[in-house]
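First up is the structure itself, then whatever we jot down about it.
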Amino acid sequence: MIKVSVMYEGSAQDKFDVDYYQNSHLPMVKETVGAAIKNVELNVGVGDSPIKAIGNITFESMDAFKNEFLPHMAKFQADVPNYTNIEPVLQISDVRVV
């Protein structure tokens, strides 16, 4: 399994609209990419966490991510200003169960 984590680290002055991200952006990604997505998870930072949010999207393989997600990257990036002024950081992980 491949997990794509999109992390938003920011200060108290940075904007991050959790409702928009959860109810508009992530559903748009799911609809656009379709069945290649196995799971979507949203982690929202609490308290003094420097991470405002992390969106995690799981794919069966790196090929599924490359072939089904990456062709739409410009569309996803174009939506970012609608919910944040934070530059997202992308982490791609090979998920291993211990």
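Observations
Matching residues to (1) surrounded by 13 or more Cβ atoms within 10 Å (Cβ to Cβ); (2) among the polar types (S, T, N, Q); (3) modelled with pLDDT under 95; (4) not in a strand (DSSP E or B):
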residue: Lys3; (1), (2), (3), (4): yes, no, no, no
residue: Gln13; (1), (2), (3), (4): no, yes, yes, yes
residue: Asn23; (1), (2), (3), (4): no, yes, no, yes
residue: Leu26; (1), (2), (3), (4): yes, no, no, yes
residue: Thr32; (1), (2), (3), (4): yes, yes, no, yes
residue: Ala35; (1), (2), (3), (4): no, no, no, yes
residue: Leu42; (1), (2), (3), (4): yes, no, no, no
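- Hits in the stretch 61-96 - residues which are open to solvent by less than 40 Å² (accessible area, probe 1.4 Å), assigned to a strand (DSSP E or B) and farther than 17 Å from Pro27 by Cβ: Ser93
- Residue in the stretch 53-60 that is outside any strand (DSSP E or B), closer than 16 Å to Leu90 by Cα and over 11 Å from the mean Cα position of the chain (by Cα) present: no
- Selection count, the stretch 2-17, where residues are of a type in the set (A, V, I, L, M, F, W, C) and within 9 Å of the chain's Cα centre (by Cα): 3
The values are calculated or read from the model by the stated rules, or taken from the named source; none is laboratory data. The structure presented is a predicted model; accordingly, all values stated were derived computationally and were not measured. Here the Cβ is made from the backbone with ideal geometry for all residues, glycine too, and neighbour counts use every protein chain on show. These area figures cover heavy atoms from the full protein model, side chains too; ligands, DNA and RNA do not enter into them. Shrake-Rupley method; radii C 1.70, N 1.55, O 1.52, S 1.80 Å.
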